[in-house]
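Beneath this line is the structure, given in structure tokens, with notes to follow.
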Amino acid sequence: MANVLRNSAKFGFSGVLSQLSIHSRHGRECVSPCFSLQQRNNSTSTKIKVDLDSSTGVAVLRMQSPPVNSLSLDFLTEFCINLEKLEMDRSCRGLIITSTLSKVFSAGLDIMEMYGKSPERCGEFWKAVQEMWLKLYGSNMATIAAVNGSSPAGGCLMSIGCDYRIMADNPRYSIGLNETQLGIVAPFWFKDTLVNTVGNRAAELSLELGLLYSAPDALKIGLVDQLVPEDQVLSTAQDTMSKWLAVPDHARQITKSMMRKPTIDKLLSNREADITNFVSFITKDSIQKSLRMYLEMLKSRKA
Amino acid sequence: MANVLRNSAKFGFSGVLSQLSIHSRHGRECVSPCFSLQQRNNSTSPKIKVDLDSSTGVAVLRMQSPPVNSLSLDFLTEFCINLEKLEMDRSCRGLIITSTLSKVFSAGLDIMEMYGKSPERCGEFWKAVQEMWLKLYGSNMATIAAVNGSSPAGGCLMSLGCDYRIMADNPRYSIGLNETQLGIVAPFWFKDTLVNTVGNRAAELSLELGLLYSAPDALKIGLVDQLVPEDQLLSTAQDTMSKWLAVPDHARQITKSMMRKPTIDKLLSNREADITNFVSFITKDSIQKSLRMYLEMLKSRKA
């Protein structure tokens, strides 16, 4: 498995997750003192910063959860609360999502939420992952992902949940749904979102091999829509957003819903079953072993 | 119809089928003496040769049924038996399919199985065609088609059933579902497999016109994934297979099943009706006439 990971993306999941395993808040070696003090729902250390410009109607949501914007239960909860507030704010018509962390958009689902946790806790976590996707993919706002760093797995899911993806033109940044490389499986709604974006054949190849695409390759297959120099990602996102907001809201929203409702409904009508499936799968001894081996491999690479 | 066929692929269905009509085992003019002796289920002349390397876990299945690897009832039966053996062999994780015949991967369904046959015999044949596709498209093994020659109709279906297609970079080789050119119709599951591979619009165009694509054009539309010089085809397939087998088996298999199950289930839940439809269609006087005219055209071209 180590070989696969070495041969995969130049700076990818394994790279960012190695930082994760060092900085994990579950008692491992901590570099940053504030991590060991971090409590759940600590409002003095917000993982997400939102700036809403009511004159333009555009909100910028900045992910700022070192080291790698892992999608932990706390992070997802904060994300969903912020999304809901913006959704209900009539002055907010568009949302740009980006990262404050160097080289990383989001490293994806926090593996520590899946390793060594009770079935109930895993279920709580998975429900939050579903909620993030449902709120984002189904949002009435025009949404743009300003992908200013690597974005494997759950990070990729977040960006394909948006209406449009602009990525930094840096071949060292990679993006993709690489779950199979870790011995786990992207659920059907991850797959549906990917199929809706790059087509069936590309999605099949991508998912089976767990491919991470460099930014240029991601553009080639349509996983992202545009590449710009990193220092222009946010400004380009703002310019692009003006085009989106120039379209009459109701027409754009009804059209978006028409496109996305079948995919969303597939999860809505299977939410509990999907959680049950996830929990049974992730708590299997063989899968826990896969995750443990992966974490150990990261630790030994870091050492 | 002759015009359409002359204007279609440079070396295509018509070319290989002209050889077929000469070498048919149903009593026509035989060039090769062993053909007139060939009995059904003659185990001294296997149409398929399989070499399994248990150390790598990779099997190579070579189609060796002159003149054009026609998918006859015997061939399909042998193919399915071999596939089932490999599927049940725990040491076999990957399968490469290729041809030993020069310039031909497979010319597709044996027209002699559809012309002048009883309804029962047609039904038996069609069930075997379904079985080939179900076993191949739904295989747990990683499957790669090493397409080292032309591959119309059923040959194209076989290659589409694999996970990945590498074709010889020769513009004289062609591939596609050209049924409509012969006045017959690709069934819905041929169509589904094509749509899953090249997308809806390309599939619609391809099927309605019965297009045969040269290898370079096939790459352009994504009908094949890669082109290499013919002498590098098998080695490239082996190298590619190592990448596929580097992904944890269970994760790759569950993902493959998630992608393909709906398409497979569509046939499974309609198998008998599909056979009935095929038999009613193919035994129609007008369709038999189309097939007869096609065979006569081939005979006159050869003469």
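Some values worked out for this structure:
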{"item": "Residue list for region B:70-107, filter: closer than 16 Å to residue B:142 by Cβ, among the polar types (S, T, N, Q) and under 16 Å from the mean Cα position of the chain (by Cα)", "result": "B:98"}
{"item": "Residue selected from region B:204-228 under the condition out of contact with any strand residue (DSSP E or B) (no Cβ under 7 Å at 6 or more places or on another chain) and either under 15 Å from residue B:161 (Cβ atoms) or part of a loop (DSSP other than H, G, I, E, B) (or both), by the criterion farthest from the other protein chains (Cβ to nearest Cβ)", "result": "B:210"}
{"item": "Residue in region B:183-190 that is surrounded by 23 or more Cβ atoms within 10 Å (Cβ to Cβ) and either touching a strand residue (DSSP E or B) at 6+ places or on another chain (Cβ under 6 Å) or not β-branched (Val, Ile, Thr) (or both) present", "result": "no"}
{"item": "Set A:125, A:188: member being within 23 Å of residue A:104 (Cβ to Cβ) and either without any contact (Cβ under 8 Å) to a residue 24 or more places away in the chain or over 12 Å from the mean Cα position of the chain (by Cα) (or both)", "result": "A:125"}
{"item": "Residue that is farthest from residue B:97 (Cα to Cα) [pool: residues in region B:164-203 that are among the hydroxyl-bearing types (Ser, Thr, Tyr) and away from every other protein chain (no Cβ under 14 Å)]", "result": "B:180"}
{"item": "Hey, residue B:247 farther than 19 Å from residue B:58 by Cα, within 14 Å of chain A (Cβ to nearest Cβ), outside any helix (DSSP H, G or I) and not polar (S, T, N, Q) or not", "result": "no"}
{"item": "Residues (assigned to a helix (DSSP H, G or I) and within 14 Å of chain B (Cβ to nearest Cβ)) located in region A:275-290", "result": "A:277, A:278, A:280, A:281, A:282, A:285, A:286, A:287, A:288, A:289, A:290"}
{"item": "Verdict on residue B:293 being more than 23 Å from residue B:139 (Cβ to Cβ), assigned to a helix (DSSP H, G or I) and of a type outside the set (Gly, Ala, Ser)", "result": "yes"}
{"item": "Residue satisfying condition, being of a type outside the set (A, V, I, L, M, F, W, C) and surrounded by fewer than 18 Cβ atoms within 10 Å (Cβ to Cβ), within set A:127, A:117", "result": "A:127"}
{"item": "Filtered residues of region B:248-303 (kept if in contact with a Gly (Cβ under 7 Å, 6 or more places away or on another chain), over 30 Å from residue A:178 (Cβ atoms) and either hydroxyl-bearing (Ser, Thr, Tyr) or without any contact (Cβ under 8 Å) to a residue 12 or more places away in the chain (or both))", "result": "B:290"}
{"item": "Unmet criterion (only one of (1) farther than 27 Å from residue B:239 by Cβ; (2) within 14 Å of chain A (Cβ to nearest Cβ); (3) without any contact (Cβ under 8 Å) to a residue 60 or more places away in the chain) for residue B:161", "result": "(1)"}
{"item": "Test for residue A:146: is it buried (at least 24 other Cβ atoms within 10 Å of the Cβ), in contact with a strand residue (DSSP E or B) (Cβ under 7 Å, 6 or more places away or on another chain) and more than 25 Å from residue A:270 (Cβ to Cβ)", "result": "yes"}
{"item": "Top-ranked residue of region B:231-243 - restricted to ones that are surrounded by 20 or more Cβ atoms within 10 Å (Cβ to Cβ) and either among the aliphatic types (A, V, I, L, M) or facing chain A (nearest Cβ under 7 Å) (or both), ranked as farthest from residue B:167 (Cα to Cα)", "result": "B:241"}
{"item": "Residue match in region B:253-274 (condition: more than 10 Å from chain A (Cβ to nearest Cβ), exposed (fewer than 15 other Cβ atoms within 10 Å of the Cβ) and of a type in the set (A, V, I, L, M))", "result": "yes"}
{"item": "Residue B:234 over 16 Å from residue B:63 (Cβ atoms) and in contact (Cβ under 8 Å) with a residue 24 or more places away in the chain", "result": "no"}
{"item": "Condition check for residue A:196: touching a residue at least 12 places away in the same chain (Cβ under 8 Å), surrounded by fewer than 19 Cβ atoms within 10 Å (Cβ to Cβ) and within 17 Å of the chain's Cα centre (by Cα)", "result": "yes"}
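Here, each number is a calculation from the coordinates, and none is a lab measurement. Predicted model only: the values in this text are computed from it and were never measured. All Cβ positions, even for glycine, are placed from backbone atoms using ideal geometry, and neighbour counts span all protein chains on display.
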